[in-house]
Amino acid sequence: ACGNGSWRLKLGGLEKVPENGSDKRTPIKRMTEAHRIIIVACGTSFHSGLIAKYALESLARLPVEVEYASEFRYRRPIISPQDVVIAISQSGETADTLEAIR
């Protein structure tokens, strides 16, 4: 926490503007405007997602869902344009996680 009682949270890469697509907002801007955050991950990354859920719900007061990527990829989740999906992978190459975000 900062001296004035407010929190600052910096996650690497969130300040970059996506190269593809028509939405040029930064990922952090999209998160601040989100109605819900969905985290998909496998294995120990899933447990990191549970910690992120606790932190985001406590600090940002946003609803957060954490799902196993291996299950998320095989169903048709209802995701609105105001939702943000975050994929967590230790290697960046976890097959189920990559498929879940496609």
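The values are calculated or read from the model by the stated rules, or taken from the named source; none is laboratory data. It should be emphasised that the depicted structure is a prediction, and the values quoted were computed from it without experimental measurement. Ideal geometry is used to build each Cβ from the backbone, glycine not excepted, and the neighbour counts take in all protein chains shown. Calculation scope for accessible area: heavy atoms of the full protein, side chains included, ligands and nucleic acids excluded. Shrake-Rupley method; radii C 1.70, N 1.55, O 1.52, S 1.80 Å.
Does at least one position in segment 67-77 carry a residue that is within 16 Å of ARG36 (Cα to Cα) and out of contact with any strand residue (DSSP E or B) (no Cβ under 8 Å at 6 or more places or on another chain)? Scanning segment 67-77 turns up no residue that is within 16 Å of ARG36 (Cα to Cα) and out of contact with any strand residue (DSSP E or B) (no Cβ under 8 Å at 6 or more places or on another chain).
Quick test for you: out of PRO81, PRO63, pick the one residue that is in contact with a Lys or Arg (Cβ under 6 Å, 6 or more places away or on another chain) and not β-branched (Val, Ile, Thr). Testing whether each residue is in contact with a Lys or Arg (Cβ under 6 Å, 6 or more places away or on another chain) and not β-branched (Val, Ile, Thr) leaves just PRO63. Scanning segment 28-45 for residues being free of Cβ contacts under 8 Å to residues at least 40 places away in the same chain and either outside any helix (DSSP H, G or I) or of a type in the set (Val, Ile, Thr) (or both) gives a total of 2. The C-beta contact set for segment 57-69 (first residue free of Cβ contacts under 8 Å to residues at least 40 places away in the same chain and closer than 18 Å to HIS47 by Cα, second residue open to solvent by 70 Å² or more (accessible area, probe 1.4 Å) and part of a helix (DSSP H, G or I), distance under 9 angstrom, 6+ apart or interchain) comprises VAL64/TYR54; VAL66/LEU50; ALA69/GLU99. Candidates are the residues of segment 68-102 that are in a loop (DSSP other than H, G, I, E, B) and modelled with pLDDT of 90 or more; the one that is nearest to ILE28 (Cα to Cα) is GLN82. ARG25 meets all of the listed conditions (1) part of a loop (DSSP other than H, G, I, E, B); (2) surrounded by fewer than 18 Cβ atoms within 10 Å (Cβ to Cβ); (3) touching a residue at least 12 places away in the same chain (Cβ under 8 Å) but one, namely (3).
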